[in-house]
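Values quoted throughout were computed directly from the atomic coordinates according to the rules given, and no laboratory measurement underlies them. Just so it is clear, the structure is predicted and the values come from calculations on it, not from any experiment. Heads up, the Cβs are rebuilt from the backbone with ideal geometry, glycines too, and the neighbour counts pull from every protein chain shown.
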Amino acid sequence: MNSLKEFDFNCWDPIINSSLSDQVIAALEGGQVVVLPHLAFNLLPEEERFLSSIWSDKKAKNISLRPNAGLRGAAGSELDMLALRGMIERFASQSQQLISKILPSYTPNLTVANTSFRPFEVEARVSSYRKDDTRLHPDAFPSNPTQGTRLLRVFNNVNPDGKPRVWRVGEPFTQMATQFLPKTKALFPLQAWLMKQLHITKRTRTEYDHRMLQLHDQVKADMDYQKNSPQQSVNFMPGTTWIVYSDQVLHAAMSGQYMFEQTFHLPVSGLKNPETAPLSVLEKMLKRSLIN
Ligand code: SIN
Ligand code: FE
């Protein structure tokens, strides 16, 4: 099993031909992590001070920027916040540029979502196993149903001390789902409606979201699976960019500090091979639609 596919792009607006772009798409949609070891995100000298957890508001785990909204999770003077925001916006715009250059066929359907800066050391001792990202999991969020839309994420390690971000990457999504999907339950229509009415969810939780959340939770709860399922440990060194469909790729963050992340949303219909989407995989196994 090789969960990684390396490319040597070394700038944020590479000129690449369509056959190379097809290779990147095949890797991503095939459930590999696309690794760009020579694509650093460079901080300006005056931004180096932001490599510290003192800028966190200590309430949120990450400092994040939503498109057309303010900075969340950070605290400091107005001037400092403006500069911090500028740094995160630059990562957002470079990531967008990268994706539009290497995956031009995605652009018409792609939506830019949140950008985050993660200033804390990866933490295993969290309040609940569900929130413990040192356990392998596919991404699925209780309050944020995707209704099948893909989560494409661009990461960059900016650690100044040579410290890698260490991940474990698990087995293919289909293999995990074959084992865990039979243990998940359907969703009662009233349950979904109620969660929307009570604003527990931002939009209606479909059966797809309900099943994905259960997969996320059950995989994290199964310590035998965590330890013994096929997996690969990966060190993402500082100066490395990596791209992944995090709803599909089982991942766990084991250690590291100072990372940027940009999320994009892509509907299943925007994929080159929609069959590879978690939605398609689960629908095929359950033999029915999971989003109506
Ligand atoms: C995650 O998405 O589970 C965490 C990734 C990271 O913080 O490296
Ligand atoms: Fe995750």
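Values computed for the structure shown
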quantity	calculated
Potential lengthening between Gln23 and Lys58 on full extension [0.36 nm per residue; Cα-Cα distance subtracted]	8.5 nm
Cross-link table Lys185/Lys284; Lys183/Lys227; Lys131/Lys227; Lys101/Lys272; Lys101/Lys202; Lys131/Lys196, entries beyond 25 Å C-alpha to C-alpha	Lys101/Lys202
Label-point separation, Glu6 to Glu275 (7 Å along Cα→Cβ), nm	3.1 nm
Crossing angle, helix 78-102 versus the chain [Cα axis fit, 0-90 degrees, rounded to tens]	60 degrees
Net charge, Ala75 excluded, C-beta distance under 13 Å - Lys, Arg +1, Asp, Glu -1	+1
Around Phe260: net Lys/Arg minus Asp/Glu count, Cβ-Cβ under 12 Å	+1
The chain: most fluctuating residue of Ser77, Ser53, Ser233 per GNM, C-alpha cutoff 10 Å	Ser77
Among Arg118, Arg205, Arg90, residue whose mean-square fluctuation peaks in a GNM of the chain (springs only between Cα atoms under 10 Å)	Arg90
Distance between modelled label sites at Arg85 and Asp13, nm, 7 Å Cα→Cβ extension	2.5 nm
